[in-house]
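Presented below is the structure to which this report refers.
Read-outs throughout are calculated quantities, based only on the coordinates presented, and are distinct from any laboratory measurement. Computed from a predicted model, the values in this text were never measured in an experiment. Note: ideal-geometry Cβ built from the backbone for every residue, glycine included; neighbour counts use all protein chains shown.
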Amino acid sequence: MTDISTTRQWTAIENLVPAIGEVTLRELFAADPERGRRMSVTAGDLHVDLSKHLVTDDVMTALTDLAHAAKLPAQRAAMFRGDRINTTEDRSVLHTALRLPAEAELVVDGRDVVADVHAVLTRMADFADCVRSGEWTGHTGARIDTVVNIGIGGSDLGPVMVDRALHHLQTAGITARYVSNVDPADLSTVLAEIDPATTLVVVASKTFTTQETMANAHAARRHFVETLGSEEAIASHFVAVSTATEKVADFGIAADNMFEFWDWVGGRYSVSSAIGLSVMITVGPPAFVELLEGFHTMDLHFATEAPEHNAPVLMALLGIWYTCFLGAQSKAVIPYAQGLLRFPAYLQQLTMESLGKSVRLDGSDVSYPTGEVYWGEPGTNGQHAFFQLLHQGTQLVPVDFIGVARPVADLPTADGGGSMHDMLVANLFAQSRVLAFGKTEDEVLAEGVDPAIAPHKVMPGNRPSTTILAPSLSPGVLGQLIALYEHVVFVQAAVLGINAFDQWGVELGKAQAGELLRALTAEKHPGDGFDSSTDSLVEIYREARGR
Ligand code: F6P
């Protein structure tokens, strides 16, 4: 395969780097009063403002040329069609099929996957309605008021993030708890706070072999059998979401209580599959369907819009610009919406598990950076924590700001000047302005600041950001936001020639954890066997545990 960094399109971008060092965002905005509107795109309900990026029109054109050099449209079509683009696992990548409307058809390997998807969605909705209405009861006949989702990685981060974002739509008096960590503190805390008689456990695991999830699920199972006094209680209190029918049956969950998805749904792309069951139970099937429609809206935008108006394509190319050409290593995502508290953590798995690769699809080493370190916290909290480094630090950290116009709830301010939500959004807009335009030494001195102190007060500016503004944090908007970033990941991988859908790096750690567990727990100290650091850590731990 072609190494993208050897193409003339890559070289053309490299040639534009020096000129960018010479211009400022102040100058670019001054030269083009329309820049703000001209460099914004609409994707579904999202207004995506890309004007505060360190780019000229030449750079944007060169970046879209690079996407063409990588045959992005053909690669995108291959994904939507169900080609086995996850070559190392020989799998299709079809999370987009999870949100196709029922009347659509997509035949892959002789099966209409849309029919399969909607059969499961119908079963999920029937089940969710039964639980919400109280028709489904626990072993003692009590109504369910708590759902505990046990899962990790994509089987946790998606549902927990959506649960927080759509909290205001939890209408049936049912709340969800999420247990992921194998640290027993996680499960113990939740078990101490729930009543098993009114709790439904969703064991969410694509493979149904993940160590953490299976340990938590078995421990929870024991707790339920002990407290409810019967093995039979499991049938009323445990359901599974998985691709592994036999393993679910071995655990003791009947086929009727299993909600299926398929190997063509990657874990970190699975929140729009049955992995979203806990969310569907708490917010109800119509809101979940609205979420899926939001995903589909963004899928269509990504599939059909020209690159110049295509939000995920443009955001992905800007990511490549900063990492491969300007040396950025991380990306901050700052939602100015408390409901999106867990969105940065969700994006960490989506982006970093997907793009953390050092070889191309053909196995050859990459000669350019892949992916960014994603991180973030909601604003305004972040402003009082890490924003200092964004404003005056030495690193280039592009920021994605996310805001909503209409809040879930609002409160008046003490002085009557607008509302607390107005304050929140004013802060968002202020931060992107200050990052972009800074404050010059002259401006600082004009305020009468002591010249000796002035350098400390200069704000360099020229720090790039995207602002995504949505009308509200509705399920549809949330679906669009998630799909937006899914496709950003796809485009970056497609251009850089890497596989965004495997995660072999995680596997080695899993295997070694098994060996180490044996070393920690074996009756007899196994002695040396690993390396001098690990061997002594094992010894110290065994001593502390009296082994
Ligand atoms: O961390 C690796 C990983 O395989 C993720 O990709 C996945 O989301 C997670 O583990 C959980 O896997 P499963 O759903 O099979 O339990």
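Brief remarks on what is shown
- Charge dipole (Cα centre; +1 on Lys/Arg Cβ, -1 on Asp/Glu Cβ; no other charges) of the chain amounts to roughly 220 debye.
- Percent of Cα pairs exceeding the 42 Å cut-off, where the set is the chain: 26
- When both the range 284-335 and the range 445-503 are represented by their alpha-carbon centers, they are found 12 Å apart.
- Only Cα pairs under 8 Å and 6+ residues apart enter the sum, and on that basis the relative contact order of the chain stands at 19 percent.
- Between the range 61-99 and the range 383-440, the Cα center-to-center distance that results, in Å: 35
- log₁₀ of I(q)/I(0) at q = 0.12 Å⁻¹ - the range 1-123, Debye sum with one point per alpha carbon: -0.72
- Three-way shape label, the range 137-179, alpha-carbon gyration tensor, a/c 1.5: oblate
- The packing ranking of peptides 357-368, 309-320, 421-432, highest mean first, is 309-320, 421-432, 357-368, where packing means the average number of other beta carbon atoms within 10 angstrom of each residue.
- Rounded to the nearest 20, the Cβ-based charge dipole of the range 402-510 about its Cα centre (Lys and Arg +1, Asp and Glu -1) stands at 260 debye.
- Nonlocal amide H pairs with R177, under 5 Å, H built at 1.01 Å: V147, V148, N149
- Share of pairwise Cα-Cα distances greater than 19 Å in the range 1-73 is 46 percent (whole percent).
- Each of the peptides 210-219, 291-300, 175-184 was scored by the mean count of other Cβ atoms within 10 Å over its residues; in descending order, highest first, they stand as 291-300, 210-219, 175-184.
- When each full DSSP H helix of the chain is screened for a Cα extent of at least 24 Å along its own axis and an average Kyte-Doolittle hydropathy of at least -0.5, the helices passing are 113-133, 285-304, 420-437, 475-496, 504-521.
- Peptides 83-96, 105-118 ranked from most to least packed by the mean count of surrounding Cβ atoms within 10 Å: 83-96, 105-118.
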